[in-house]
Every structure is written in structure tokens, then in C-alpha cells.
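Q: I'd like to ask you about the structure that follows.
The values are calculated or read from the model by the stated rules, or taken from the named source; none is laboratory data. As the structure is a computational prediction, the values presented were derived from the model and not from experiment. Heads up, the Cβs are rebuilt from the backbone with ideal geometry, glycines too, and the neighbour counts pull from every protein chain shown. In case anyone asks, the SASA skips ligands and DNA or RNA and just uses the protein heavy atoms, side chains included. Shrake-Rupley method; radii C 1.70, N 1.55, O 1.52, S 1.80 Å.
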Amino acid sequence: MIDMKLCNYLIGVLGLLLGLFMMHSASAFPLSMTETGPGAGVWPFALGVVLALAGLVLLGHTFWNRKSLAVRLVVINTPANLRVYIVMGLAVLFCLVIELLGFYLAALLMIPTVMLVLGCRSLLRIALTAVLTVGFIYLIFDILLSTKLPQSMFLG
């Protein structure tokens, strides 16, 4: 077992670095307003800023409360935590699969998989959630915003 202070420092640094990486990556896309709305880099950049700030806040909180957090132990291998690790791995896999299958098909596979990992056993609920969520995303981005989400590398 490890203490909460070490966990917080690790997650704070990871959040800060990931946020900075997101901001750097998003800056390759337009950040200014266009006639159709904000540029493609605006929202990823904003999310990077929020993540970096959250990492800084966690680091500051941990620094100021380091004595009390050092005595709190964290159990890493509980069944609930293992499900979280699986979902984190699925999120990484989802990012990789988007390139191969495109966003919509990858999401249609990801949503039911995550629901199953988290304990949902109703096939009707899983199917409805996946189809309605992907349909809503298609409606918002493709139809209303005229923004194409990543397509399969086999289609382009």
C-alpha cells in the first residue's frame, strides 16, 4: 500500500503534464473564431487548461496537507479500482481504434464495453444508450455544426 500524498503528487504531475500536452497539441489547430464558430483547437485547448489547472490545484492541496495525507493509505487493488483501470485502458484503446474504425463505429463499440465493465447487464439499456448517444453526437456535430468527426482510415 502507498500513501495518499504520493498518489496525489503522481496524479497532479500527470494531470499537469497531460494538460500542457493537450494545449500544445490543440495549438496546431485554429484557435480563433471563424464564420462558423470557434476554431477546431478552442475546446481541446480549453480542456487542456482545465486539466492543467486541476493538476496544479491537486499539487497545491497535497503540499499544504502533506502531513495528514502521508498517514492515509491507499489500497490500489480493490475490485472497484480494477474496473477503473480497465476503463482507463479502454479509453486509450478507444483513441487508437478511432484511427482505424472512425469515431462513430469506435464509439458504438466503446460505450457497450464500458457499460459491461461497470456492471450494466441489460442488453436493451446498453443498445439504447450506445445508439442514442452516437446518434445525438452525429446530430450535434455532423448535422448542426457541420463538423466531421474522425473517419476510418479505410474510408479516406
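Q: Using a ≥ b ≥ c from the Cα gyration tensor of the stretch 10-94 (square roots of the eigenvalues), is it rounded, prolate or oblate, where a/c under 1.5 gives rounded and otherwise the larger of a/b and b/c decides, a/b for prolate?
A: Oblate, since a/c reaches 1.5 and b/c is not below a/b.
Q: Looking only at the stretch 1-18, which residues have a backbone nitrogen under 17 Å from a spot 7 Å from the Cα of L53 in the C-beta direction?
A: Once the point is set 7 Å along Cα→Cβ of L53, 15-18 turn out to lie under 17 Å by backbone N, inside the stretch 1-18.
Q: Let me ask something else about it. For the chain, find the longest principal axis of its Cα atoms and tell me its angle to the long axis of helix 4-26, 0 to 90°, nearest 10.
A: 30
Q: Suppose all protein chains stay in the model; what accessible area per residue would a 1.4 Å probe give for the chain, in Å²?
A: Ligands and nucleic acids excluded, the result is 70 Å² per residue.
Q: Angle between the Cα long axis of helix 79-101 and the longest principal axis of the chain, 0 to 90 degrees, nearest 10?
A: Taking the Cα atoms of the chain, the angle to 79-101 is about 30 degrees.
Q: Run lengths n ≥ 4 of DSSP H only: what is the helix-derived mean residue ellipticity at 222 nm for the chain, with -39500 (n - 2.57) per run over all residues, to the nearest 500?
A: Values: 6 runs with 104 residues, N = 156.
Rounded to the nearest 500, it is -22500 deg cm²/dmol.
Q: How much of the accessible area of the stretch 1-69, probe 1.4 Å, is carbon plus sulfur, in whole percent?
A: The nonpolar share, carbon plus sulfur, comes to 78 percent.
Q: Okay, moving on. Rounded, prolate or oblate: which one fits the chain, using the alpha carbon gyration tensor with axes a ≥ b ≥ c (rounded when a/c is under 1.5, else prolate when a/b beats b/c, else oblate)?
A: oblate
Q: Using r as the Cβ-Cβ distance of L10 and E99, and R0 as 30 Å, what FRET efficiency do you calculate, to the nearest 0.05?
A: Working: r = 29 Å, r/R0 = 0.96.
Once the sixth-power term is evaluated, E becomes 0.55.
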